[in-house]
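The values are calculated or read from the model by the stated rules, or taken from the named source; none is laboratory data. Keep in mind that this is a model prediction, so the values were computed, not measured. Using ideal geometry, Cβ is built from the backbone for each residue, glycine included, and neighbour counts are taken over all protein chains shown. When the accessible area is computed, the model is the full protein with side chains, heavy atoms only, and any ligands, DNA or RNA have been set aside. Shrake-Rupley method; radii C 1.70, N 1.55, O 1.52, S 1.80 Å.
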Amino acid sequence: MLDLTEKYRLEYLEAANLRRHYGVLRSGLTTFCMTASLAAFACYLSQTSRPSFLAFAGIFMLLAASIAWAVFSYRYEKANLYLRELWAWFDGTSQNTPARFDDFAASLHEVITQMLRDRMSWVMLAALLVIAGAFVKLV
């Protein structure tokens, strides 16, 4: 049987791995989808016939990038909040025994606040808006 310190040490390692995983997925999927969207928009604008499929593909991939950014930013920040709670318990600044990561219930407000503090979230959001704005302006 594990004592609480060992149990939460393992929980901390698992949550840290999940946070890293979500961060990699967020950057990888969002960047891939934005690149595919830019390629579709570039092909659409460079052809005189302007096939509507390319516009659809560009919009679809931009929406996919937005969803990937939102989902994985949310999961990343939720894991980050959980790690802070565990660290406070280890540090002795919190006497509350933390829940398991699967049972951790961060409020939507807390997670969104964390997302707004993350510089990478702002960079990705700005890129999404620039791509969408450029397409709308050029069409």
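Before moving on, here are some points about what is shown:
- Annotation note: Cβ proximity below 9 Å between a residue of the range 98-118 that is over 29 Å from L4 (Cα atoms) and a residue that is open to solvent by 50 Å² or more (accessible area, probe 1.4 Å) (sequence gap 6+ or interchain) occurs for I112/Y74; M115/Y74; M115/Y76; L116/W122; D118/Y76.
- Residues being modelled with pLDDT of 90 or more, surrounded by 12 or more Cβ atoms within 10 Å (Cβ to Cβ) and not charged (D, E, K, R) - total across the range 95-115: 5
- The number of residues in the range 96-110 being out of contact with any helix residue (DSSP H, G or I) (no Cβ under 8 Å at 6 or more places or on another chain) and in a helix (DSSP H, G or I) comes to 4.
- Flag if T93 is of a type in the set (V, I, T), touching a Leu at 6+ places or on another chain (Cβ under 8 Å) and in a loop (DSSP other than H, G, I, E, B): no
- Taking the numbered list (1) open to solvent by 90 Å² or more (accessible area, probe 1.4 Å); (2) touching a residue at least 12 places away in the same chain (Cβ under 8 Å); (3) over 22 Å from E11 (Cα atoms) in turn, L63 passes all entries but (2).
- Sole residue being open to solvent by 30 Å² or more (accessible area, probe 1.4 Å), in a loop (DSSP other than H, G, I, E, B) and basic (K, R), chosen from R84, R50, R75: R50
- For the range 32-42, the tally of residues that are closer than 17 Å to G133 by Cα, free of Cβ contacts under 8 Å to residues at least 60 places away in the same chain and open to solvent by 40 Å² or more (accessible area, probe 1.4 Å) stands at 3.
- Evaluating G133 against the criteria (1) small (G, A, S); (2) at pLDDT below 95; (3) touching a helix residue (DSSP H, G or I) at 6+ places or on another chain (Cβ under 8 Å) leaves one unmet condition, (3).
- R26 falls short of the stated requirement of being in a helix (DSSP H, G or I) and free of Cβ contacts under 8 Å to residues at least 40 places away in the same chain.
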